[in-house]
């Protein structure tokens, strides 16, 4: 079986480890307490508190499994300095259509967060940037059409 690596920054890995610890030590205990309380109310067939607690337990356990898998497959992104866009690179892009400047950091899919300007290397723009150098022009296709960006800076 071929294990697919999960590329993460050191900060991203720590965030996932903290979330896992919280879910296994705090959240799991809270849910078990809610289930026990709901059981004490009697008839489980019409007990919405019991059903909701069991559903929350399933969601929590699913997330725990997902996090354990991510952490097990984690490979820390090491920033290289070869002048090419790679995982961990922060890229300053200029949109050719309007001259707007965008800064993005390329991360693995699990760590992507557009509000934090972290984009996945598997996203359309991320995959277009991978392996390119400063001054390159990349074309990104989207449902609204093709957009061109020039790479202004890589750090």
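The values are calculated or read from the model by the stated rules, or taken from the named source; none is laboratory data. What you are looking at is a predicted structure, and each value in this text was computed from that prediction instead of being measured. All Cβ positions, glycine included, derive from the backbone under ideal geometry; neighbour counts span all protein chains shown.
Overview of values
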{"quantity": "Filtered residue count, segment 91-108, keeping only those that are part of a strand (DSSP E or B) and surrounded by 12 or more Cβ atoms within 10 Å (Cβ to Cβ)", "calculated": "11"}
{"quantity": "Segment 111-122, subset surrounded by fewer than 18 Cβ atoms within 10 Å (Cβ to Cβ) and farther than 16 Å from residue 151 by Cβ, residue nearest to the chain's Cα centre (by Cα)", "calculated": "113"}
{"quantity": "Residue, modelled with the highest pLDDT, within segment 143-154, restricted to residues that are loosely packed, with under 11 Cβ neighbours inside 10 Å and either out of contact with any strand residue (DSSP E or B) (no Cβ under 9 Å at 6 or more places or on another chain) or under 12 Å from residue 90 (Cα atoms) (or both)", "calculated": "145"}
{"quantity": "Number of the exception - residue 78 against (1) free of Cβ contacts under 8 Å to residues at least 24 places away in the same chain; (2) surrounded by 16 or more Cβ atoms within 10 Å (Cβ to Cβ); (3) not in a strand (DSSP E or B)", "calculated": "(2)"}
{"quantity": "Within segment 124-155, tally of residues that are under 22 Å from residue 70 (Cα atoms) and touching a residue at least 12 places away in the same chain (Cβ under 8 Å)", "calculated": "1"}
{"quantity": "In segment 117-142, the residues that are touching a strand residue (DSSP E or B) at 6+ places or on another chain (Cβ under 8 Å) and closer than 20 Å to residue 15 by Cβ", "calculated": "117, 118, 119, 120, 121, 126"}
{"quantity": "Failed item, numbered, when residue 54 is tested on (1) in contact with a strand residue (DSSP E or B) (Cβ under 7 Å, 6 or more places away or on another chain); (2) farther than 20 Å from residue 10 by Cβ; (3) surrounded by 12 or more Cβ atoms within 10 Å (Cβ to Cβ); (4) at pLDDT below 95", "calculated": "(1)"}
{"quantity": "Residue 39, sole failed condition from (1) surrounded by fewer than 16 Cβ atoms within 10 Å (Cβ to Cβ); (2) closer than 30 Å to residue 152 by Cβ", "calculated": "(2)"}
